[in-house]
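Quick notes on the structure that follows.
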Amino acid sequence: MKDFSCYSPVELVMEKHAQRRVGEYIKKYGGHKVLIHHDDAIHITGIYEEVLQSVRAAGLDFIEAGGVVPNPKLSLVNDIIEICRNEQIDFILAVGGGSVIDSSKAIAMGCVNNQKVEDIIFHEKPVKGALPIGTIVTLAGTASEISGCCVITRDSDLKKRDFSDSCLYPKFSLLNPLLTKTLSPYQTACGIADTLSHYLEQYFTVDQCSDMTDCLLEAGMKNIMRYGRKTIQEPDNYNNRSEVMWSATMAQHPIMETGRQADWSSHFISYDLTVFYHLPHGAALAVVLPAWMKYVLPQAEARFARLGKAIFPISDNTPSRQAAEMCIENLEAFFHDIGLKTKLSELNIENDKFHEMAVRSVDQPAFVTAKPGVLGEFVPLNAEDVEKIYHLAYDSSK
């Protein structure tokens, strides 16, 4: 087991109508003048007036800024940073899913650093802190509400970049499963796939002497698959949605990566599918993950066999190679069960950008990969490998 330090400072509150108490939580963590950052879903969920009423009742001044889209844009972040500085904002409330929360984190950094946000995220310049952040989660899946990470897209070249720092952990996150009932079945399924991928990416590791963490991840995977299916079948069931939301949040709790180096290759391979073809992140992962597993199977047979026997109905007596192949088949079947495709060809995506996307996917900062031009540590991949994975994801029969 690798040495580790596990740190999670986020206060998590799950309750019906939690958004009605957001004002008191902002005051608890020192907020006086608040930016309420959101997307259009704040009006669809019907919580807009409830949030404003709670903030006003707490005696807080506020401004609001919307406009967030999937793959949150650097240009919007920069525009809102200037507004926040002029208005002397001291707290940021994110109301939405992962894109809103990630955008809020980038804004929070930009408000207190002399460096441009682009230089911090894309050029790894030092960061000295961020404004405090709170979140109201309206979509279960990304788990940005519990992490110190954000993902921002640069408008000029559509490059997505991860950035992590302890200053980006929210002070609190309010989880109300009722808010996810306004999502379509497809949006719900994408969040479920994103959640499952977080558990899987941390399970795929070369550090295989951390059984406690393996068991936590296996339990999380079984739970999200069980209640993910139930939520698609019974969308009005509150308990099912509660389990999905809690599984989604816990998937990125730092305890899930203790004692190991996670892989995350499939996430980076999926990024350009979201920016070039506007696929939701979860939909892209439902295609990429099985293709990646098929490609690395020769090197990962034992790990996939253990996974399959732990979370799918595969007998312990099943030979290793067969169990590994059955694991991939069962994973694809799960994605189909919740209404997602597992081939790019089924999504009417052409294969003309695969080389460009492969080159871009391995261009990651030093904290992501130890070797320039190589993605992942579980099974290291170069651009040629990634291009083959895209083709496998396009049509796995070839």
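Numbers below:
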{"item": "Count of region 222-255 residues which are part of a helix (DSSP H, G or I), more than 19 Å from the chain's Cα centre (by Cα) and without any contact (Cβ under 8 Å) to a residue 40 or more places away in the chain", "result": "5"}
{"item": "Helices (runs of 4 or more DSSP H) wholly inside region 314-398 containing at least 3 residues that are polar (S, T, N, Q)", "result": "320-337"}
{"item": "Failed condition for P254, given (1) farther than 22 Å from L168 by Cα; (2) surrounded by fewer than 24 Cβ atoms within 10 Å (Cβ to Cβ)", "result": "(1)"}
{"item": "Residue satisfying condition, being without any contact (Cβ under 8 Å) to a residue 12 or more places away in the chain, in the same structural domain as T231 (by TED's automatic domain parsing) and either surrounded by fewer than 18 Cβ atoms within 10 Å (Cβ to Cβ) or more than 21 Å from F276 (Cα to Cα) (or both), within set E325, E329", "result": "E329"}
{"item": "Matching residues, region 32-53, being assigned to a strand (DSSP E or B) and of a type outside the set (A, V, I, L, M, F, W, C)", "result": "K33, H37, H38"}
{"item": "Selection status of C190, in a helix (DSSP H, G or I), touching a Pro at 6+ places or on another chain (Cβ under 6 Å) and in contact (Cβ under 8 Å) with a residue 24 or more places away in the chain", "result": "yes"}
{"item": "L168 assigned by TED's automatic domain parsing to the domain that holds V51, within 15 Å of the chain's Cα centre (by Cα) and buried (at least 19 other Cβ atoms within 10 Å of the Cβ)", "result": "yes"}
{"item": "Region 256-295, residues that are in a helix (DSSP H, G or I) and more than 16 Å from S197 (Cα to Cα)", "result": "D272, V275, F276, Y277, Y295"}
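Matching residues to (1) on the phi > 0 side of the Ramachandran plot; (2) aromatic (F, W, Y); (3) out of contact with any helix residue (DSSP H, G or I) (no Cβ under 9 Å at 6 or more places or on another chain); (4) assigned by TED's automatic domain parsing to the domain that holds T188:
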position	(1), (2), (3), (4)
G228	no, no, no, yes
D236	no, no, no, yes
N239	no, no, no, yes
M245	no, no, no, yes
M256	no, no, no, yes
G259	yes, no, no, yes
A262	no, no, no, yes
S270	no, no, no, yes
F276	no, yes, no, yes
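The values are calculated or read from the model by the stated rules, or taken from the named source; none is laboratory data. Computed from a predicted model, the values in this text were never measured in an experiment. No Cβ is skipped: glycine too gets one built from the backbone with ideal geometry, and neighbour counts run over all protein chains shown.
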